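First comes the structure, then the notes that go with it.
The values are calculated or read from the model by the stated rules, or taken from the named source; none is laboratory data. The model shown is predicted, which means the values in this text are computed figures rather than measured ones. Positions of Cβ are generated from backbone atoms using ideal geometry, with glycine treated the same way; all protein chains shown enter the neighbour counts.
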């Protein structure tokens, strides 16, 4: 008689753990964001905050430098928070990101897409939307939204997280639609 291991409980348990971690990180970031409700950029960056009202001649040049600063901040965010080593059972398939300086929010947003494989049992996709202009109490960028889904060889999938600033979604397309106001689309 052949003994087959059932990995479903392990995968479900792992999925629940990842979901709890993502939700916890989201709420930690959100609670620290309450202090900077208007998504103001911290003083250490070179972008002007709403507290300083530049005259009209100064507004043209900072917009370009704001996007440049955003690109620089996005690269630093990726280097600090997305240093990926394949962990036991995990294999990184791809990691991409896009950054956008949002003038109306006076903030730099980064949208990260991470594709992974878990010990050949499932593949997954994860999106993270982060505001790199604000930091949580641990010094990390503030998480604005998360999406994560696993897909199994039998074709079934498991949605683990999907929300942006408390607005729930039920698919990757729904998540990406919710990110458009932040990413300037």
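Just for the stretch 118-132: of the residues that are crowded, with 17+ Cβ neighbours inside 10 Å and over 13 Å from the mean Cα position of the chain (by Cα), which one is farthest from residue 75 (Cα to Cα)?
Kept after step one, since they are crowded, with 17+ Cβ neighbours inside 10 Å, are these residues of the stretch 118-132: 118, 122-132.
Filter again for over 13 Å from the mean Cα position of the chain (by Cα), leaving 118, 122-124.
Numbers: 118: 27, 122: 29, 123: 26, 124: 24 Å.
Checked the stretch 118-132; the qualifying residue farthest from residue 75 (Cα to Cα) is 122.
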Count of residues meeting criterion [within 24 Å of residue 92 (Cβ to Cβ) and either modelled with pLDDT under 90 or out of contact with any helix residue (DSSP H, G or I) (no Cβ under 8 Å at 6 or more places or on another chain) (or both)] in the stretch 125-135: 2
Filter result (under 17 Å from residue 165 (Cα atoms) and in contact with a strand residue (DSSP E or B) (Cβ under 7 Å, 6 or more places away or on another chain)) within the stretch 96-125: 102, 107, 108, 109, 110, 111, 112
Qualifying positions in the stretch 90-107 - in a loop (DSSP other than H, G, I, E, B) and surrounded by fewer than 14 Cβ atoms within 10 Å (Cβ to Cβ): 103, 104
Meets criteria (surrounded by 13 or more Cβ atoms within 10 Å (Cβ to Cβ), closer than 24 Å to residue 166 by Cα, modelled with pLDDT under 90 and in contact with a strand residue (DSSP E or B) (Cβ under 9 Å, 6 or more places away or on another chain)) for residue 140: yes
Residue within the stretch 148-166 that is part of a strand (DSSP E or B), at pLDDT 95 or above and exposed (fewer than 15 other Cβ atoms within 10 Å of the Cβ) present: no
